[in-house]
Amino acid sequence: MQRPIPVWLGAGSPFFPTLPEAVLRRIARIADGWCPNFLPFEEGRQLVAQVQDYAKEAGRDPSTVGLEGRLVIAGKQPEDWLAEMKGWEELDAGFVCVETRRGGLKSLDQHIDAFARVKETVS
């Protein structure tokens with residue numbers, strides 16, 4: 001049986017994490033999931049709640065709109081990683097992408113070591 005390809009939408013940037021209403025409504029209306037660029041704290045919670053409300057308005061079950069969090073580790077301490085992971089968990093993110101860019105890492109081994117430290121910290 002062939003299944004349709006899921007549609008996941010990226011939204012925002014680290015420099016402009018707040019999203020226009022039209023983008024939030026588009027996510028709620030057509031996306032199988034979305035990948036925002038905000039922190040999972042108050043502003044992020046409000047945006048997730050907006051998407052959920054817009055999904056209901058569009059006649060969709062909000063739980064069918066997946067969420068992928070993003071954990072940028074550069075310039076942060078392990079306690080920051082834990083707080084953010086807890087925030088994504090509270091928002092019911094099904095996935096969390098760990099981003100090692102902009103952290104001054106120069107080799108593949110350094111990136112792999114960074115992923116291992118994050119995994120050890122948040123497990």
Within region 42-86, residues more than 23 Å from D32 (Cβ to Cβ), small (G, A, S) and in contact (Cβ under 8 Å) with a residue 12 or more places away in the chain come out as A74, G75
Here are A74, A58, A93, A114: which of them is small (G, A, S), closer than 26 Å to L9 by Cβ and touching a Leu at 6+ places or on another chain (Cβ under 8 Å)? A93
For residues that are closer than 20 Å to D61 by Cβ and over 15 Å from the mean Cα position of the chain (by Cα), tally how many sit in region 8-27. 2
Could you list, in sequence order, the residues of region 22-41 that are among the charged types (D, E, K, R) and without any contact (Cβ under 8 Å) to a residue 24 or more places away in the chain? R26
Any pair with Cβ under 8 angstrom, 6 or more apart, that starts in region 1-15 at a residue that is over 18 Å from R25 (Cα atoms) and ends at one that is among the hydrophobic types (A, V, I, L, M, F, W, C) and surrounded by 11 or more Cβ atoms within 10 Å (Cβ to Cβ): P14/V72
Over region 101-123, the set of residues closer than 16 Å to E79 by Cα and among the β-branched types (V, I, T) is V118, T121, V122
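Only the coordinates and a few stated rules stand behind these numbers; no lab work does. If you're wondering where the values come from, they're calculated on a predicted model, not measured in any experiment. Because the Cβ atoms are built from the backbone with ideal geometry, glycine has one as well, and the counts that use them run over all protein chains shown.
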